[in-house]
1. Can we say Gly50 is in contact (Cβ under 8 Å) with a residue 40 or more places away in the chain, more than 13 Å from the chain's Cα centre (by Cα) and either over 22 Å from Pro185 (Cα atoms) or crowded, with 19+ Cβ neighbours inside 10 Å (or both)?
2. Does Ala70 fit the bill of being loosely packed, with under 15 Cβ neighbours inside 10 Å, under 17 Å from the mean Cα position of the chain (by Cα), in a loop (DSSP other than H, G, I, E, B) and of a type in the set (Gly, Ala, Ser)?
3. Look at the stretch 103-136 and say how many of its residues are modelled with pLDDT of 95 or more, exposed (fewer than 15 other Cβ atoms within 10 Å of the Cβ) and of a type in the set (S, T, N, Q).
4. Being modelled with pLDDT of 70 or more, surrounded by 16 or more Cβ atoms within 10 Å (Cβ to Cβ) and under 18 Å from Pro103 (Cβ atoms) is the requirement here; does Trp181 meet it?
5. Regarding Thr155, is this residue of a type in the set (Val, Ile, Thr), open to solvent by 30 Å² or more (accessible area, probe 1.4 Å) and more than 16 Å from Leu40 (Cα to Cα)?
Amino acid sequence: MSDNFHYNSTAELTTQEYEELEDFLLRESELKHPMNLDALDGFLTALIIGPDTIARDEWLPYVWGSAGSAEAPVFQSGRQEERIVGLIVRMMNVLAHQFEESPADYAPLPNLTTFDNDEAQRHAARSWCLGFIEGVNVRPASWQPLLRDEKGSKTIFAISAASGLLRDKLGLDEEKEYELWKLIPEAVLEIRSFWMPARNQAAESAKQPKAEDPGRNDLCPCGSGLKYKKCCGK
């Protein structure tokens, strides 16, 4: 399967494509604990705005199930596998494109969806937050600078509280958790801003050409006066 399948596409998924992806994840894949679309949106958001650029082979297993579960979906064909993975990658690309081009217009998926009732909407919001936290857990050590930052730690706290994970500890009910959900779009942008300097620096470093090793008969760059082959090039 090609890593570039739909990789450069930033075309928003259609309603039918979202339904196709959801049907596969929740009904056709035979996975026990796959992410739903709201959790997937939160998960991909964390990957995009977080500290590290993470290869697909590292993060994709989290979509199928919790880390270490070794769950893998059942695909009917290689073509279906490319199709489903392509839709997931497109979701990621659309988000990345929006953060790059119009971050002020960002909204998490539950805020862009029409629900039958308030409970379904609250459940979607909690799922998004749980997905975001799962994204953090792909590389938890890398997120420590944000957690140690006074302002940054509040953003993660808001997401954790809105997820329902702190309900008993904080004595929250669903209504209070959903009130916190209103803070999440701003929290996402604050997290993105926190990591932008590090991401920009990493991108610039990647662009720098690597210095080539000197020829064997060139003078060694260490300043010894010897030829490279008889000094550091041994």
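1. In short, no.
2. Against the criterion (loosely packed, with under 15 Cβ neighbours inside 10 Å, under 17 Å from the mean Cα position of the chain (by Cα), in a loop (DSSP other than H, G, I, E, B) and of a type in the set (Gly, Ala, Ser)), Ala70 does not qualify.
3. So the answer is 0.
4. Values: modelled with pLDDT of 70 or more: yes; surrounded by 16 or more Cβ atoms within 10 Å (Cβ to Cβ): yes; under 18 Å from Pro103 (Cβ atoms): no.
So Trp181 does not fit the description; no.
5. It is false that Thr155 is of a type in the set (Val, Ile, Thr), open to solvent by 30 Å² or more (accessible area, probe 1.4 Å) and more than 16 Å from Leu40 (Cα to Cα).
The values are calculated or read from the model by the stated rules, or taken from the named source; none is laboratory data. Predicted model, so just to flag it, every value in this text is computed and none were measured. So basically every Cβ, Gly included, is an ideal-geometry build from the backbone, and we count neighbours across all protein chains shown. We work out accessible area using only protein heavy atoms, side chains counted, and drop any ligands, DNA or RNA first. Shrake-Rupley method; radii C 1.70, N 1.55, O 1.52, S 1.80 Å.
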